[in-house]
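Engineer: Quick one: the structure is below, questions incoming.
Throughout, read-outs are computed from the coordinates displayed, never taken from laboratory work. Everything numeric here is computed off the predicted structure, so don't read it as measured data. Because the Cβ atoms are built from the backbone with ideal geometry, glycine has one as well, and the counts that use them run over all protein chains shown.
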Amino acid sequence: MRRSQRDLAQISQKTTRRALLMGGVMTTFVGVLGLRMWQLGVRDADQYYLLAEENRISLRLVPPNRGRIYDRAGKIVADNEQAFRITLVREEVKDLEDVLAKLRRLLGLDDEAIVKIKGQIERTSGFAPITVKDRVTWEELSIVAVNAPALPGIHPEMVLSRVYPFGPDFAHQVGYVGPVSENDLKEEEVAAEPLLRLPDFEVGKIGIERRHERALRGLPGTQRVEVNVSGRTMRELALDPPTAGPDMQITLDHHLQNFMRVRLEGQSAAAIVMDVTDGDVLGCTSAPSFDPNLFVRGISNLDYGALRDNEFRPLSDKTVQGAYPPGSTVKMSNALAALESGVMDPAETVACNGYVEISGRRFHCWKRGGHGRVDMVGALRESCDVYFYEVAQRIGIDGIFAMNDRLGLGQKYDLPLSGMARGNNPSRDWKQKKYGQDWLIGDTINASIGQGFTLASPIQLATMVARLASGTAVLPRMVRPISGTSTENSAPASLGLSAEALSIVRQGMFEVSNHERGTAYASRIADPTKVMAGKTGSSQVFSISAAERAAGVRSQDELPWNRRDHALFVAFAPFDAPRYAVTVVVEHGGGGSTAAAPIARDIMLFAQYGGLPPTDAYPASQRTRVSDQLALLSDRILPPDGATSIVSRT
């Protein structure tokens, strides 16, 4: 059917409107699209280019070199050495089990190592390297390099690793580094520190390494690298180098430290040498020690178990962590308290019959038959307990506490050592707070001879002797600037004690070592220019019951090792111009005069001579035996210049 002219006109009109509408819509769409393309391609081009670049460019941390640690003579005691390791990148490995099987054969990896590697792979991104084996030898590195075509994804690398050239000599003081643990991340608000998240990054665990971790660590650098879509590095674009940690210097002397460790071998003991003029700790040894390099390289379960289960506790730093009843070494403090308060004249004598009864209880002297009548110098010389029971009753616990505190007992010092014990300088308030009990006269009597509640660490006893020798409130210190000059520090303040009182106490200590009736006369020094003044001490580990005393107290040699008394000896020298203070504590050594004093004399002589002393520094009757002993020590200690370290020798 033919359409009319009118129908055709209407259809044409509708088509035109639709075309115009569709054309307008299309034009608007194209316009908006063009505007957006202009915005993206022209107006915002720089912004999106930068975003694209940021997706292509990876910013990575570069770990810094750790600061080295030197001893007072400039010998490196904590260093960084070049080491080799083998790493694996999972993304580059097609058949992981095949590669691990080959590495097991080539590097001698055990099942434990393989399990550890697989655990690291599961926790690490595919493009990030993980350590297969650290500190590999050159031979192992060569084997891997030769077999490289059959080991896709395996890479030999050279890195810097911490090393301790003198091994066990500085283990407790310098400490060691180890992998970052969860506890490390939680402490000191370092969880956000990116550097600690790097694979195989190590931080200080104990000692100076831990205390000065922030400084020794240095500051990381940054590396800009181009990566592909999977994160693999394509090329390096820029490098902002890291800042190495500053070097540090400690007050310890490697030669003296090495001698002290060797001299204490076979004992569970602690020894300290301090400069009484400025507080520098010259030697600080806890025996037995351990090799800190074992921890850096990853200590085995077998090695760690042997250290942990050793009854001599090699992992414990007895010099600051050990808290022992100080025994008779505190008698100088009591004597000073009596003199300063005026309650006792030094010439006054007290009768010692072997015991004294106080409040219905019998308190014994160490010498069963007693010392007879003794004055203050004689009581110190012969370590008469009964005399100091009388002193204690006159000055009371308040006087004992005050003088012990003035001499540094019961205090923590600002030293970079781990787990420092405060010890205990007991008082009335302390017992009330601790036990809810009143102080008793028996407590005072026990405190007068360094027993009961009284506890002191070797570093506290060394500080006490340094203060007695110098008359100043000297404080121990162990870190000094790398320049070798002393730390900026004002001269120690005076203790405020009278010269007369100090002279009397020093005379008593002199006679301990140099009077034929002195408790340490057998350990005297024959060289008149290096004579030492000292004090012996023995502290009971178990109380002696009345029944045991009546049956006859067994000698220390008859007792099991862990029931014997601790042996202590403190001293300073030279007597006329004090320079060195020495403290020796031998756990369960028996007696201070027999176990601790001979060791202290050898250490004191070594410190004064700057090396092994001549035999004529010893009494003539002892020179043959001492000559043989010094020859043995000479074979076991390092040479004076420390040119051959323990690590290189072993």
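Engineer: Using per-residue counts of other Cβ atoms within 10 Å, averaged over each peptide, order 449-460, 492-503, 171-182, 239-250 from highest down. Show your work: numbers first, answer last.
Structural biologist: On the way: 449-460: 26.1, 492-503: 13.9, 171-182: 21.6, 239-250: 16.5.
Order by mean packing, descending: 449-460, 171-182, 239-250, 492-503.
Engineer: What pairs in Lys94/Lys118; Lys186/Lys318; Lys331/Lys530; Lys331/Lys434; Lys116/Lys186 have C-alpha atoms more than 18 Å from each other?
Structural biologist: Beyond 18 Å between Cα atoms: Lys186/Lys318; Lys331/Lys530; Lys331/Lys434; Lys116/Lys186.
Engineer: Still on this structure, I have one more. Order these by the 10 Å Cβ neighbour count, fewest first: Leu302, Leu468, Leu151.
Structural biologist: Leu302, Leu151, Leu468
Engineer: Under 19 Å from the Cα of Lys102, which aspartates and glutamates turn up, not counting those fewer than eight places away in the same chain?
Structural biologist: Excluding near neighbours in sequence, the set is Glu91, Glu92, Asp110, Asp111, Glu112, Asp134, Glu139, Glu140, Glu157.
Engineer: While we're here: Please get the size of the charge dipole for the range 85-161, origin at its Cα centre, with Cβ charges of +1 on Lys and Arg and -1 on Asp and Glu, quoted in debye to the nearest 20.
Structural biologist: 80 debye
Engineer: If you take the square roots of the eigenvalues of the alpha-carbon gyration tensor of the range 85-161 and sort them as a ≥ b ≥ c, do you get rounded (a/c under 1.5), prolate (a/b over b/c) or oblate?
Structural biologist: Details: a/c = 1.31, a/b = 1.23, b/c = 1.06.
Verdict is rounded for the range 85-161.
Engineer: Ok, one more. With a/c under 1.5 counting as rounded, go ahead and sort the range 118-163 into rounded, prolate or oblate using the C-alpha gyration tensor (a ≥ b ≥ c being the square roots of the eigenvalues; past the cut-off, prolate if a/b is larger than b/c, else oblate).
Structural biologist: Taking the square roots of the gyration eigenvalues as a ≥ b ≥ c, the range 118-163 is oblate.
Engineer: Can you sort Arg467, Arg90 so the residue with the fewest Cβ neighbours within 10 Å comes first?
Structural biologist: On the way: Arg467 24, Arg90 18.
Arranged by neighbour count, lowest to highest, Arg467, Arg90 become Arg90, Arg467.
Engineer: So how do 527-536, 101-110, 470-479 stack up, highest first, on mean other-Cβ count within 10 Å?
Structural biologist: Ranking, from highest mean packing down: 527-536, 470-479, 101-110.
Engineer: Over what distance in Å are the Cα centres of the range 344-359 and the range 99-121 separated?
Structural biologist: Taking the Cα centre of the range 99-121 as reference, the centre of the range 344-359 is 73 Å away.
Engineer: Here's a follow-up. Sorted from fewest to most neighbouring beta carbons within 10 Å, what does the list Ile299, Ile143 look like? Intermediate results must be reported in sequence, preceding the final value.
Structural biologist: Numbers: Ile299 19, Ile143 16.
Ranking Ile299, Ile143 by Cβ neighbours within 10 Å, fewest first, gives Ile143, Ile299.
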